[in-house]
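J.: Let me begin by handing over the structure; questions about it come next.
Each reported figure results from applying straightforward, stated rules to the coordinates on display, with no laboratory input. Note that the structure is predicted; figures quoted are calculated from it, not measured. Counting neighbours? That spans all protein chains shown, and the Cβs are built from the backbone with ideal geometry, glycine included.
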Amino acid sequence: MGEHGDRYVIDGGQPLRGEVSVSGSKNAALYTLPAALLTSEPVTLRNVPRIADIGEFADICRAVGSRIEVDGETLRIHTPEITSTTPPAELVSRLRASFLVMGALLGRAGEAECPPPGGDVIGSRPLDVHFVGFKMLGANVERRDSSWYVQADRLRGARIFFDYPSVLGTVNVLLAAVRAEGETTIVNAAPEPEVAMLADMLVSMGARISGQGTSFITVQGVERLGGTDFSVIPDRLEVGTYLLAAVATRGDVRVTNAEPAHLDSLIHKLREMGVEVGLDDGAGGGGVRVCASDGPMQAIQVQAVPYPGFATDLHPPMAAALTQVRGVSLVHERVYDNRTLYVNELRKLGARIITAGDTVLIEGPTDLGGSTVRALDIRAGAATVVAALAARGESTILDIHHLDRGYSDLQGRLRALGASIERR
Ligand code: EPU
């Protein structure tokens, strides 16, 4: 291992072809762990992706009292008692989602102390809506040295307004509200499918929640939550990444274990580009097939916004695919203020791509050529993989620990589609 750790070496320029299945959603799976902290009964979680971030969150749960067993994609977690309300800083600083331990501990134990979370450097990523929510539920929120402290003797339901429909903010406040006294409504809640799934999991544990999947989520507090056996939804971002790799290489790929209903924005945009997209609910769960092997593909304009708009996490791999279509495409990033660092990496592969503020302009089609590039975060990494697969010759991708955080068995899955990719 050198300075940049493991690397992928990709020999690109071949169309991807075949069928691949995806894992359970990284982000949704991350929300199930703090949810499991809300009960003293055992919880079984299925379809949990084998990625680094889940291992990190599991360590945080162990540090506050959970016993966890992992058996392939099944994870059993049991937290008879909360043994600490101050998870270790070095664990929390490793990932953004770790901050959900605040809402969970506040809901179960009435207090939590936690340093600011880690996570990708893709923008300023404030936490104000989390704190507004906790305060509205009656908690005291204090800044202590280098950490945040929240405490409440009794949480009380409230009508809460979010300035921004923050995904983790909505989850954190839901975790705290399910056992609060009375009714809570989150107005301008995040409608993302992963948040809706988390609410469904809480309902399976005995919570009373309605409106999940919309901008108004209502919770009737309950005294206690029980165990559950719950399966994580498919990862729509992983599905999108493989579909975009198929487009960039002008291939023909079917992704199984997908949920097409979560992919409207991507499917719509691919069809607008002139890519053939087929949907089915056949064997292996729902399938999405893209065929980009013949016919011209044209430039499009994309706005990366909260769900059900086009996902910001698919912006970088979409930009990589757009290097292969005719004309000037535009991607306007409206979620993060620092998402476009991947642009320089794509340029090293020969992409004609520039940024103007939060807008990225891509001119194509371009013959990309192999080079050495860095995975700057999970999705910037996905963009370099998609572009390297389309580029003629050998590319080396450095810092792939970022990809390990979100893509389980990326090498095996791409090889199943005929790609030449090797981890070194
Ligand atoms: N924001 C605020 N105030 C807040 C919180 C957020 O203004 O209190 C703003 C941020 O500045 C940012 C925007 O809201 O511009 C998006 O932040 P959000 O809170 O919705 O994102 P997140 O909950 O921190 C999750 C995912 C991200 C994904 C975003 C948006 C997890 C662990 N992370 O982050 O996933 O990009 O939602 O969909 O679920 C990834 O998977 O690669 C990833 C980064």
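J.: Please give the Cα centre distance for segment 304-353 versus segment 10-53, rounded to the nearest Å.
T.: Cα centroid of segment 304-353 versus Cα centroid of segment 10-53: 24 Å apart.
J.: Kindly work out what percent of the DSSP beta bridges joining two residues of segment 305-424 are antiparallel, to the nearest 5. Provide the component values of the computation, followed by the final result.
T.: Details: 11 of 15 bridges.
Antiparallel bridges: around 75 percent, rounded to the nearest 5.
J.: Hey, another quick one. Label segment 265-424 by shape, choosing from rounded, prolate and oblate, from the square roots a ≥ b ≥ c of the eigenvalues of the Cα gyration tensor; if a/c is under 1.5 it is rounded, and otherwise prolate applies when a/b is larger than b/c, oblate when it is not. Present the calculation step by step, with values, prior to reporting the outcome.
T.: Details: a/c = 1.25, a/b = 1.02, b/c = 1.23.
Here segment 265-424 falls in the rounded category.
J.: What aspartates and glutamates could a cross-link reach from K26, if we take a straight Cα to Cα line under 14 Å and drop same-chain neighbours fewer than 8 places away?
T.: Those aspartates and glutamates meeting the cut-off are D53, E56, E73, E192, E194, D235, E238, D313, D404, D409.
J.: Tell me the mean residue ellipticity at 222 nm calculated for the chain from its helices only (DSSP H runs of n ≥ 4, each -39500 (n - 2.57), averaged over every residue, nearest 500).
T.: Numbers: 14 runs with 131 residues, N = 424.
Using -39500 (n - 2.57) per qualifying helix, the result is -9000 deg cm²/dmol.
J.: Still on this model: Treat every Asp and Glu Cβ in the chain as -1 and every Lys and Arg Cβ as +1, leave all other atoms uncharged, and give the resulting dipole magnitude about the Cα centre to the nearest 20 debye.
T.: Here the size comes out at about 320 debye.
J.: Here is a further query. So how compact is segment 95-179: Cα radius of gyration and Dmax in angstrom?
T.: Radius of gyration, then largest Cα-Cα span, for segment 95-179: 11.9, 36 Å.
J.: Separate question: Using alpha-carbon pairs under 8 Å, 6+ residues apart, how would you state the relative contact order of segment 26-231 in percent? The partial results should precede the final answer.
T.: On the way: 484 pairs, mean separation 42.3, N = 206.
Once normalised by length, the contact order is 21 percent.
J.: Select from L33, L346, L414 the residue farthest towards the positive end of the dipole of the chain; place +1 on Cβ of Lys and Arg, -1 on Cβ of Asp and Glu, and compute about the Cα centre.
T.: L346
J.: Same structure, new question: What residue among A196, V22, Q324 has its Cα farthest toward the positive end of the dipole of the chain, where the charges are +1 on Lys, Arg and -1 on Asp, Glu, each on the Cβ?
T.: The listed residue farthest towards the positive side: Q324.
J.: Okay, next question. Please label the shape of the chain as rounded, prolate or oblate, based on the square roots a ≥ b ≥ c of the eigenvalues of the alpha-carbon gyration tensor (a/c under 1.5 means rounded; beyond that, a/b larger than b/c means prolate, else oblate).
T.: prolate
J.: Just report the Cα centroid separation between segment 129-204 and segment 354-387, whole Å.
T.: Taking the Cα centre of segment 354-387 as reference, the centre of segment 129-204 is 36 Å away.
J.: Can you give me the Rg/Rh ratio for segment 26-231, using Cα atoms for both radii and the Kirkwood formula for Rh?
T.: Ratio of gyration radius to Kirkwood radius for segment 26-231: 0.92.
J.: Next question. Just name one of S93, A207, T241: the one whose Cα is farthest towards the positive end of the charge dipole of the chain (beta-carbon charges, Lys/Arg +1, Asp/Glu -1).
T.: Sorting the options by dipole projection puts first T241.
J.: Also, quick follow-up: Using Cα springs under 10 Å in a Gaussian network model of the chain, which residue among G12, G327, G107 shows the largest mean-square fluctuation?
T.: G327
J.: At R0 = 60 Å, how high is the FRET efficiency between I354 and Q151 if r is their beta carbon distance? Nearest 0.05 is fine. Present the calculation step by step, with values, prior to reporting the outcome.
T.: Values: r = 49 Å, r/R0 = 0.82.
Here the calculated transfer efficiency is 0.75.
J.: So if a site counts as exposed when it's one of the GluC sites (Glu not before Pro), its DSSP state isn't H, G, I, E or B, and it has at most 15 other Cβ atoms within 10 Å, what's the longest stretch of the chain without one? Before the final figure, lay out the partial values.
T.: Numbers: sites that count: E3, E81, E223.
After excluding every exposed loop site, the longest remaining stretch is 224-424.
J.: Using a/c under 1.5 as the rounded threshold, could you call segment 163-314 rounded, prolate or oblate? The axes a ≥ b ≥ c are square roots of the C-alpha gyration tensor eigenvalues, and prolate needs a/b larger than b/c, oblate otherwise.
T.: prolate
J.: Could you tell me what fraction of 2.2 N^0.38 Å the Cα radius of gyration of segment 22-92 comes to, as a two-decimal ratio?
T.: Compactness ratio reported: 1.03.
J.: If you count the DSSP beta bridges with both ends in the chain, what percent of them are antiparallel, to the nearest 5? Display every interim value, and only then the final one.
T.: On the way: 57 of 80 bridges.
Roughly 70 percent of the beta bridges in the chain run antiparallel, per DSSP.
J.: How high is the relative contact order of segment 209-318, in percent, counting Cα pairs under 8 Å that sit 6 or more residues apart?
T.: Numbers: 144 pairs, mean separation 26.5, N = 110.
About 24 percent, as a whole number.
J.: How high is the relative contact order of the chain, in percent, with contacts defined as C-alpha pairs under 8 Å that are six or more residues apart? Write out the running numbers ahead of the final one.
T.: Values: 1095 pairs, mean separation 86.8, N = 424.
In percent, rounded to a whole number, it is 20.
J.: When only DSSP loop residues count, what trypsin sites (Lys or Arg not before Pro) in segment 125-231 have their Cβ near at most 14 other Cβ atoms within 10 Å?
T.: Numbers: sites: K135, R143, R144, R154, R156, R159, R179, R208, R224; in loops: R154, R179, R224.
In loop regions of segment 125-231 (DSSP not H, G, I, E or B), the sparsely surrounded trypsin sites (Lys or Arg not before Pro) are R154, R224.
J.: Based on C-alpha coordinates, I'd like the Rg and Dmax of segment 300-340, in Å.
T.: When restricted to Cα atoms, segment 300-340 yields Rg and Dmax of 9.9, 28 Å.
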